[in-house]
Amino acid sequence: MMFDYLEFDEHGVKVVSKIGGVNADMMMDILVYRLKKGESVTVMEAGKEAALLLFEGKVTYSFEDRRETAKRANVFDDAPYCLHICKGKKATVVADEDSEVLLQMTENDREFATVFYTPNECKIEVMGDKQWEGTAKREVLTIFDYQNAPYSNMVCGEVITKAGRWSSYIPHSHPQPEVYYYKFEKPQGFGGCFIGDNVFKVTDGSAANIPGGLTHPQTAAPGYNMYYCWMIRHLDGNPWTTRDNDPAHTWLLEQ
């Protein structure tokens with residue numbers, strides 16, 4: 001499915017995609033955990049790297065010989081904490097209060113040093129504020145990609161599309177599959193997701209599964225800031241490093 005409206009199961013787990021399972025063409029395991037105080041998530045995969053991203057709440061990350069406490073009010077007001085580990089490494093996230101955490105994994109034979117990203121390393125870039133009367137203003141944050149983590153087979157970042165504006169603009173594509181997981185400040189918030197020639201209503205907790213080669217601009221309804229975690233899977237021998245702008249719209253870059 002290009003677009004899914006997802007619910008948490010009785011264990012507080014939401015499955016966005018699974019290698020060999022739902023949305024297998026995304027080539028990633030992506031799960032969202034709603035943890036009650038005291039609950040935990042443990043990851044240790046023999047052949048997969050993993051990233052554990054805090055959406056909101058307060059948690060303690062335990063990995064190797066370290067323990068790190070992270071607190072995030074929500075994805076709109078605070079920058080992220082994210083733990084990135086290679087195959088065979090064990091990590092546990094324990095909720096010190098009710099929290100929400102995203103897990104992203106994919107196959108990767110390479111070994112690399114564990115990185116714990118904090119708000120100090122995660123810088124926000126404001127884009128589109130000086131073009132098209134600010135109608136594509138958004139805040140873009142890249143946690144890790146090919147530039148700072150060339151050993152990884154994944155990309156992980158965040159975008160806040162300002163209310164009434166557009167993002168992933170101008171329309172562009174890339175050969176690598178990408179997943180967007182959405183949140184709104186208010187549960188009734190909504191927006192629009194364009195994947196190729198298909199259009200979907202974006203709601204809180206929904207997800208877009210974007211096949212390689214299709215354009216995917218987004219828009220948020222007036223009054224509702226729209227967040228999405230964006231996750232790309234590099235292809236073997238063809239990592240994501242740039243975007244292929246739709247030639248029909250490149251004239252806008254001169255405006």
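Observations
- Verdict on F55 being among the aromatic types (F, W, Y), assigned to a loop (DSSP other than H, G, I, E, B) and under 20 Å from A207 (Cα atoms): no
- If you go through segment 205-238 and keep only what is within 13 Å of V159 (Cβ to Cβ) and either open to solvent by 70 Å² or more (accessible area, probe 1.4 Å) or not in a loop (DSSP other than H, G, I, E, B) (or both), you end up with A208, Q218, T219, A220, M226, Y227, Y228, C229, W230, M231, I232.
- The criterion of being of a type in the set (D, E), under 30 Å from G237 (Cα atoms) and either surrounded by 20 or more Cβ atoms within 10 Å (Cβ to Cβ) or touching a residue at least 60 places away in the same chain (Cβ under 8 Å) (or both) holds for E107.
- Count - residues of segment 75-99 that are of a type outside the set (S, T, N, Q) and not in a loop (DSSP other than H, G, I, E, B): 8
- Per this entry, T241 is counted among residues that are within 17 Å of the chain's Cα centre (by Cα), at pLDDT 95 or above, of a type in the set (S, T, N, Q) and not in a strand (DSSP E or B).
- Positions within segment 113-138 being within 24 Å of S40 (Cβ to Cβ) and either β-branched (V, I, T) or touching a His at 6+ places or on another chain (Cβ under 9 Å) (or both), in sequence order: T114, V115, F116, Y117, T118
- Of all residues in segment 65-83 being surrounded by 13 or more Cβ atoms within 10 Å (Cβ to Cβ) and among the acidic types (D, E), the one that is nearest to N225 (Cα to Cα): D78
The values are calculated or read from the model by the stated rules, or taken from the named source; none is laboratory data. This one's a predicted model, so the numbers in the text were calculated from it and none came from an experiment. When we count neighbours, we look across all protein chains shown, and the Cβ atoms used for this are built from the backbone with ideal geometry, even at glycine. We work out accessible area using only protein heavy atoms, side chains counted, and drop any ligands, DNA or RNA first. Shrake-Rupley method; radii C 1.70, N 1.55, O 1.52, S 1.80 Å.
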